[in-house]
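**Student:** So that we are looking at the same thing, I have put the structure below in structure tokens.
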Amino acid sequence: MHAKRNWSCSVSTFPPDSFIVAEVRPSPNFDERQGGPPDLVLLHYTGMKTGEAALDRLCAADSKVSAHYVVFEDGRIVQCVPEDRRAWHAGVSSWGGESDINSRSIGIEIVNPGHEFGYRDFPLRQVAAVISLCRSIVTRRGPISPKRVLAHSDVAPARKQDPGEKFPWHLLADSGIGHWVRPAPIEVSGPTLKPGDHGEAVKRLQQALKSYGYGIEETGDYDKATRAVVAAFQRHFRPARVDGIADASTVLTLRALAEMRPKPDQAPPQ
Ligand SMILES: [Zn+2]
């Protein structure tokens, strides 16, 4: 009669977008997408002491935050917002010159206490569930570029660290999800750019990060914002050391990723 519910009575339930969803727990925190259908998948960690606390928050009307999915450490997938609605998970963010990342994306919260409450490895069961969910999204929704499966830290480098350097992007890549190359060894020697540096080489680094998608200005100054973007890049693509210093390994890894992109002149001859 008086079932305990944490969400508002006005939020109606909905059918899950995929049968791999174990439970629908509707959040009131969503609105209409602007522009076309989503073509980006954004991965987060919950950053709270427990997954249940995070789920409660994502479904509480006064929190004004949500995500489409929450993936628990045991692999259980809960859906909170239908994919065709805009969930509120990205905040102030930017990728490839676009700033309404919530409209463009499907948001997946991965349960982990995060850097504040005891950052730990993501269990394989959980990673496997994230992979299945991403594959389901990409298969059902048509072309989502591998380069548009991103970390929250990629689109908000100055504010966010999630899902962080322990997230095994290489396992996703092994299953055809996301854009990834084996990082250049950390010991590789070569020129290093660091905070305080200034000049053409810094500008070229900023240009390379920007053309990959990061929101960064080409100022030629290795400022705080540049350090944050380099650290975000490292968290995702060269996680062995996340220090915001563009050492040779970081720069070589960025170059290898950029070269993986199909170029117009590689189109087959007519
Ligand atoms: Zn996040």
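The values are calculated or read from the model by the stated rules, or taken from the named source; none is laboratory data. From a predicted model like this one, the values you see are computed outputs, not experimental measurements. Quick reminder, even Gly has a Cβ in these numbers, built from the backbone with ideal geometry, and neighbours come from all protein chains shown. Protein only, heavy atoms only, side chains kept; ligands, DNA and RNA dropped before computing areas. Shrake-Rupley method; radii C 1.70, N 1.55, O 1.52, S 1.80 Å.
**Student:** Out of everything in the range 31-57 that is within 16 Å of the ligand (Cβ to nearest atom) and under 28 Å from PRO143 (Cα atoms), what residue ends up being surrounded by the fewest Cβ atoms within 10 Å (Cβ to Cβ)?
**Tutor:** LEU40
**Student:** Select from the range 114-127 the residues that are open to solvent by less than 60 Å² (accessible area, probe 1.4 Å) and over 16 Å from PRO168 (Cα atoms) and list them in ascending order.
**Tutor:** GLY118
**Student:** Can you tell me which residue is most open to solvent (accessible area, probe 1.4 Å) among those in the range 160-191 that are within 16 Å of the ligand (Cβ to nearest atom) and of a type in the set (Asp, Glu)?
**Tutor:** Ranking the qualifying residues of the range 160-191, first place goes to GLU165.
**Student:** Run down ASP162, ASP154 and say which single residue is out of contact with any Cys (no Cβ under 6 Å at 6 or more places or on another chain), touching a residue at least 24 places away in the same chain (Cβ under 8 Å) and within 18 Å of THR253 (Cα to Cα).
**Tutor:** Checking each option against the conditions leaves just ASP154.
**Student:** Related question: Regarding the range 10-20, can at least one residue be identified that is more than 17 Å from PRO163 (Cα to Cα), open to solvent by 30 Å² or more (accessible area, probe 1.4 Å) and within 16 Å of the ligand (Cβ to nearest atom)?
**Tutor:** No, that holds for no residue.
**Student:** For the range 2-15, name all the residues that are closer than 22 Å to ALA90 by Cβ and modelled with pLDDT of 50 or more.
**Tutor:** Of everything in the range 2-15, those that are closer than 22 Å to ALA90 by Cβ and modelled with pLDDT of 50 or more turn out to be VAL11, PHE14.
**Student:** Here is a follow-up. Of all helices (runs of 4 or more DSSP H) completely enclosed by the range 106-218, which ones contain at least 3 residues that are of a type outside the set (A, V, I, L, M) and under 30 Å from TRP88 (Cβ atoms)?
**Tutor:** Correct list: 114-117, 124-141, 152-155, 200-212.
**Student:** Something else: How many of the residues in the range 205-235 are under 17 Å from HIS152 (Cα atoms), in contact with a strand residue (DSSP E or B) (Cβ under 9 Å, 6 or more places away or on another chain) and among the hydroxyl-bearing types (Ser, Thr, Tyr)?
**Tutor:** 2
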